[in-house]
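Taken together, the values in this text are just the output of simple stated rules run on the coordinates, not laboratory data. Just so it is clear, the structure is predicted and the values come from calculations on it, not from any experiment. Every residue, glycine among them, receives a Cβ derived from its backbone with ideal geometry; neighbour counts consider all protein chains shown.
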Amino acid sequence: MLISVDAVGLSIEDSSFLMSIMPANIGHSVDVVWQAFRCKFETGVEDLIAVMSAETAEDNADYLSTMWPGVRGMCVQEACHLLSDLSDDAMLWAVSQKVNASILVLDQDCKVIKANAAGRELLSEGTLLRNTAHGVVCLRDKETRALHQAIAECRQAQGEQKPEFVLMLRGQKRTGHVPLSLSLYSEPNGGARLFLAMLPMPPEQKRIEELAMRLGLTRSEARVAALMRDGYSNRQAAEIAGLKVETFNTYAKRVLSKMNVTCRAEMAQMLTWQSAAERSL
């Protein structure tokens, strides 16, 4: 509740600023001046208000006593809306730049409308998905057909149905699979329909090696651990690392021993999850 409205003096700086923003057709009127008032509320909040008026200070104080609480409420509500819009922008920026997942917005023809930074990186690498003139395709025809079929089924959803699909994609030179989550986004009132594809962002090879070294592995052992985590067989990994298979096997045993795990799967899981946790958000 407003408890008092008091006239206050304006500093030279404030007066100069207010005069500079006074409309030209009013600035030459000798009757119109800027007046300042301090409005105090029961909560202890104080508002300093400048009024451009030809009325007396008493009349303006009476006017503010009547109308300022309502106007102030409208201003606060508008500020909240602006902050809400700003928070939406911040959320969208975070999704675009920082979320540890590749996000693609697709149309009904599986063409990319928008992608976050991780999604653009994924498409440029071409290790799971490729962007073509005919839309997004997987590395294997079977997976591409499954993706298009999922979109077709999403298009047929009726009413409040929100179908979701999870497709397992097999990456290039990898024995494991990466899940692609596909969900429908439709405008209210039956408007346009879009499709959101999300894939976990694989840890960078360099990050995996650095993490392995912090866990006590030598540089050579960290390189071997990263290749093992990628799902290569010992023979394939040995060729990539330029090592003999016997030498690679020796390094592999040291990796499991130093990381205190019993198998490659445990080692891969440890490195993958810790790398994901360290990714900056």
**Complete:** In nanometres, the difference between 0.36 nm per residue of separation and the alpha-carbon distance of THR262 and VAL45 is 71.7 nm
**Request:** Extending each Cα 7 Å along its Cβ direction at VAL32 and TYR185, get the distance between those two points in nm, one decimal.
**Result:** 4.7
**Message:** Once R0 is set to 41 Å, what does the formula 1/(1 + (r/R0)^6) return for the Cβ-Cβ distance between ARG207 and GLN108, expressed as a FRET efficiency to the nearest 0.05?
**Reply:** 0.65
**Request:** Anything over 29 Å Cα to Cα? Flag those among LYS111/LYS142; LYS142/LYS258; LYS206/LYS258; LYS142/LYS244; LYS111/LYS206; LYS206/LYS244, in the order listed.
**Result:** LYS142/LYS258; LYS142/LYS244; LYS111/LYS206
**Message:** Among 63-69, 206-212, how do they line up by average Cβ neighbours within 10 Å per residue, starting with the highest?
**Reply:** 206-212, 63-69
